[in-house]
Amino acid sequence: MTMISRRHLLAATAALPLAGLAAGRAAAQPARLGIPTADFRRVKLGDFEVTTLLAGTRTVPDPQTIFGMNASAEDFATASRMANIPVDAAQFFFTPTLVNTGAELVLFDTGLNAAGITAALAAAGRTPEEIDVVVLTHMHGDHIGGLAGEDGSATFPNARYVTGAVEYDHWAGTGNEGFEAKVRPLAEKMEMVSGGAAVTAGIESMEAFGHTPGHMVYRLESGGQDLIIAADFANHYVWSLAYPDWEVRFDMDKSAAAATRRKLLAMMAADKLPFIGYHMPFPAIGYVGDDRDGRFRYEPMSYQLMM
């Protein structure tokens, strides 16, 4: 006959509610909430407020059909593993930038569609009606898509528009559907610029051809601080920065795009200039490190532009 002491009986009885609680927890598992994304990030550049706006994001399979097209599959896989990113998928970000100069609100690029840029602006406390200037770095669909709604009405009714003359002339002659629907109706409100033009006080255009025939970037300067709105000169923070000669499907002139990439990366690394890359990981603000072997690295902003 097995004898059970009073002490063992009390211990076993006390454990019963805990066991029941554990069973209840197992039966009612917490709901998954999904991966959140911030819609904007605001930083300080001298007297300017600079806000990056996440107007869309998506996962894209088979990234070597887009990046590193002239690299071997082995080299592409090795580069990806070294950066701890997948070989078989990439995350795309679409990031217009809003600059408050103190006198005007200047929006660089407009995202994939009107709904995306409007929602991102709303999250940042702004409305499309407040925008004074819309600058188009180039005219790929993910940069001009938010210019008008599905009904064709202008998203930014009170804005003037600025774009590169070479870029406009190229697309005006192609019969491109997106250009005809989104850009041409605004032609009378559009100022065509070349490199070295002042968009407004503290914002200057820079030619960065290659990604498209007239692709432009813009240099901001306020209070002795500078920043480059770099658009699509580099489309990925690893496959474009560490391997600037790797071909990108969306670069229309691949050799010119590679030369532009190297020139801008070298300048930003030497001058320690922050930049905003339209497709960099959100919030899309970072610096360029020089690895001294013809490669560069992306250094995400931490707190440099908060102070």
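The values are calculated or read from the model by the stated rules, or taken from the named source; none is laboratory data. Predicted model, so just to flag it, every value in this text is computed and none were measured. Cβ atoms come from the backbone with ideal geometry, glycine included; neighbour counts cover every protein chain shown.
Report the residue count in segment 169-189 for those that are within 28 Å of Ser222 (Cβ to Cβ) and either crowded, with 17+ Cβ neighbours inside 10 Å or acidic (Asp, Glu) (or both).
Within segment 169-189, residues that are within 28 Å of Ser222 (Cβ to Cβ) and either crowded, with 17+ Cβ neighbours inside 10 Å or acidic (Asp, Glu) (or both) number 1.
Given the residues Asp290, Asp253, Asp271, which is the only one that is closer than 23 Å to Gly214 by Cβ and either surrounded by fewer than 17 Cβ atoms within 10 Å (Cβ to Cβ) or of a type in the set (Lys, Arg) (or both)?
None of the others qualify; the one that does is Asp253.
With (1) crowded, with 18+ Cβ neighbours inside 10 Å; (2) at pLDDT below 95 as the list, and Val166 as the residue in question, which single condition is left unmet?
(2)
Which one of these does Pro86 not meet: (1) assigned to a loop (DSSP other than H, G, I, E, B); (2) in contact with a Pro (Cβ under 7 Å, 6 or more places away or on another chain)?
The single condition Pro86 does not satisfy is (2).
Is it true that some residue in segment 67-75 is at pLDDT 95 or above, loosely packed, with under 10 Cβ neighbours inside 10 Å and more than 26 Å from Met139 (Cβ to Cβ)?
The answer is yes, given that some residue of segment 67-75 is at pLDDT 95 or above, loosely packed, with under 10 Cβ neighbours inside 10 Å and more than 26 Å from Met139 (Cβ to Cβ).
Considering only segment 125-136, state which residues are touching a strand residue (DSSP E or B) at 6+ places or on another chain (Cβ under 7 Å), surrounded by fewer than 19 Cβ atoms within 10 Å (Cβ to Cβ) and in a loop (DSSP other than H, G, I, E, B).
Asp132
From the list Leu107, Leu147, pick out the single residue that is in contact (Cβ under 8 Å) with a residue 12 or more places away in the chain and touching a helix residue (DSSP H, G or I) at 6+ places or on another chain (Cβ under 7 Å).
Only one candidate qualifies: Leu147.
Yes/no per residue for (1) more than 28 Å from His236 (Cα to Cα); (2) in a loop (DSSP other than H, G, I, E, B):
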| site | (1), (2) |
| --- | --- |
| Ala103 | yes, yes |
| Leu107 | no, no |
| Thr110 | no, yes |
| Gly116 | no, no |
| His138 | no, yes |
| Asp142 | no, no |
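Taking only pairs six or more apart or across chains, which ones have beta-carbon atoms under 6 Å, a first residue in segment 158-172 that is basic (Lys, Arg), and a second residue that is surrounded by fewer than 23 Cβ atoms within 10 Å (Cβ to Cβ)?
Sorted first by the residue in segment 158-172, then by its partner, the pairs are Arg160/Val133; Arg160/Lys189.
Going residue by residue through segment 210-219, is there one that turns out to be surrounded by fewer than 17 Cβ atoms within 10 Å (Cβ to Cβ), touching a helix residue (DSSP H, G or I) at 6+ places or on another chain (Cβ under 6 Å) and in contact (Cβ under 8 Å) with a residue 12 or more places away in the chain?
no
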